[in-house]
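Participant: Sharing a structure, written as structure tokens. Questions coming.
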Amino acid sequence: MSVVILYGTETGNAELVADAIADVLAAEHDPSIYDMSEFAVDDLDPDDFLVIVCSTYGEGELPTGAEPFAEEITETAPDLSGVRFGVFGLGDTIYGETFNRGGEIMAELLTRHGATQVGEHFRHDNSSTIKPAKAAAEWAGGIATVIERVDA
């Protein structure tokens, strides 16, 4: 099964995480990586598994790189039934209530339009000692199992 990895980033960390996830998934799947700002909603295909990697910016907002994709979903209100996705969010617990809101916003937006979230919604904490790419590689091993079940 093909995997489409979309990342939304402000500083580049989400792109590094997307690369780490793709490295793990490449063993059994065919991952493609795109910046959300350069991906059209019409290109979402229910035959692909979607991975969202999204940081949180400002006061719990989407990063600049995710805004065009989110706006397009909001404006076009596509039927995303059949689209299955997993989320790896990036944030920092020092921001309390807005911790990891970027990934949550994207998950809420996709499910509101009919997509189905599967697997663990991972929320990386930048205040932890675990590097985001390492956490992403571990998470990708688990999501690979979920993809295999979805593909069966």
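Only the coordinates and a few stated rules stand behind these numbers; no lab work does. All values reported here derive from a predicted model rather than from experimental measurement.
Participant: Between T64 and S37, what length comes free when the chain is fully extended (0.36 nm per residue of separation minus the Cα-Cα distance, one decimal in nm)? Display every interim value, and only then the final one.
Facilitator: Details: separation 27, 0.36 × 27 = 9.72 nm, distance 0.82 nm.
That pair, T64 and S37, stretches by 8.9 nm at full extension.
Participant: Expressed as a whole percent, how much of the Cα-Cα distance distribution for the chain exceeds 22 Å? If you can, show how the numbers build up before the last one.
Facilitator: On the way: 3673 of 11476 pairs.
So the pairs more than 22 Å apart make up 32 percent of the total in the chain.
Participant: If you don't mind, there's one more thing I want to ask. Based on Cα positions only, what radius of gyration and what Dmax would you give for segment 85-152, in angstroms?
Facilitator: My reading of the Cα-based Rg and Dmax gives 13.0, 41 Å.
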